[in-house]
1. Need the full-extension length gain, Ala181 to Ala321, defined as separation in residues times 0.36 nm minus the C-alpha distance. One decimal, nm.
2. Where the centre of each part is set by its Cα atoms, how far does the range 217-268 sit from the range 303-363, in angstrom?
3. Restricting to DSSP loop positions (anything but H, G, I, E, B) with no more than 13 other Cβ atoms inside 10 Å of their own Cβ, which GluC sites (Glu not before Pro) remain in the range 45-131?
4. Provide the percentage of antiparallel DSSP beta bridges, counting only those with both residues in the chain; round to the nearest 5.
5. For Thr59 and Phe8, compute 0.36 nm times the residue count separating them, minus their Cα-Cα distance, and round to one decimal in nm.
6. Can you give me the distance in nm between label points at Ala379 and Arg162, each placed 7 Å from the Cα along the Cα-to-Cβ direction?
7. Give me the angle, in degrees from 0 to 90, between the Cα long axis of helix 61-71 and the longest principal axis of the Cα atoms of the chain, rounded to the nearest 10.
8. Report the gain in length on full extension from Ile306 to Glu239: 0.36 nm times residue separation, minus Cα-Cα distance, nm rounded to one decimal.
Amino acid sequence: MEKIKRIFTFLTVFNKRFLKKPGFIALLLVVPCLVLALNIASKGESGMVTVALAAKDKTDALAAGIIDEIAGESSLIRFIECETPEDAVKLVEGADADAAWIFPADLAEKIDDFVENRNRRFAFVEVVVREDTVMLGLARERLYSVLYPYCSETLYANYIERNVTELETLTHAELISYYDAINAEGDDLFVFSYSDASEDASDAADMNYITAPVRGLLSLFVVMAGFAVALFYIQDEREGRFLHFARKRRFSVMTGYYFCAIFDVAAAVFVSLIFSGVFSTVAKELLLMLIYIPLCVGFCMLVSQICASSRLLGSLLPLLAVAMIVICPVFFDIGLPRVITLIFPPTYYLIALHNTKFIFYMLAYTIFLFICNFGVYRAKLRTNMA
């Protein structure tokens, strides 16, 4: 019992030291500020590309309906509705929009001409761009998906009226009623799921692209904060603050030092996740964070022990940050071999949220890191004593 009290006292002292450091307080404040900024951005008008929409005839009900349908459903594309095609083109010319989609007058007639001829000369939507990009190509997929049902309906009606003589007594409205009775919208062609089939993926399709990387960025921040703690530790060690501890106990002291600081950062991250819009359940989030803390402790300790100097570690930090952003699935999974991505802690944390077997991988990797840490510590201790 006395030993536990002493450990708790040491951890409390370490924690108070960190909370007196302005640099550490700044680290803790970065977390809620980042989440707040992303939440504000996600509620505003935003998009990966901006498209101006206009109709040559504002009274054309079909064109107006298609414009409303296009503008009302996508969070990845920002749409601006313009009064005239000239206004839409001016937005593109002034770099206020990436593209303009302009719908002609008598749109129903233009669709019928296109269906009959299916030739570029009968294209019925004018697309104006400053330069074509991959994102604009993807945005046009949205345009195709909205226009397809109207083309399909016209093609169906024309074919029936001209080739199925048995139905020539039916009116056009009756033919269309049969077409509408078939559920062919395509919404049920795709089902979102995670690799762990027991995980609920019902919200995957509606995730906001701005707040989606929040979890990855915060998990990366915990690791980078751990490296900042490593710099604090190297400085304190150089100033002789741990000399009154026996050599054989300094590994435990180092572990406690890292643990206190990373625990504080992780606590700030956990609270921020609650308000981020990407929070799962309290039980799952708490379990993952409690496992992630020692994983980050082990990883940051090992890297700092190998570097040995604050100058070398400081020069490596930008490279490590970029490597984790690229290699770990923070923004995208670029398809690197899994053995490479599993070097860094954020990969385990991000995948384990929807694949519970990675929780065991996290535990195994944590144990491996601490074994390596102790081995490096003992080797350096023998070298210094020799």
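Read the figures in this text as sums done on the coordinates, not as results from a lab. Since we're looking at a predicted model, the values are computed, not measured. Cβ: placed from backbone, ideal geometry, glycine included. Neighbour counts: every protein chain shown.
1. Extra length available between Ala181 and Ala321 comes to 44.9 nm.
2. What the calculation gives is 19 Å, centre to centre.
3. Hits after loop and neighbour filter: Glu45, Glu73, Glu83, Glu131.
4. Within the chain, antiparallel bridges account for around 30 percent of the total.
5. Separation in residues times 0.36 nm, less the Cα-Cα distance, equals 10.9 nm.
6. In this crude label model, Ala379 to Arg162 measures out at 7.9 nm.
7. It works out to around 10 degrees.
8. Taking 0.36 nm per residue and subtracting the Cα distance, the gain is 22.2 nm.
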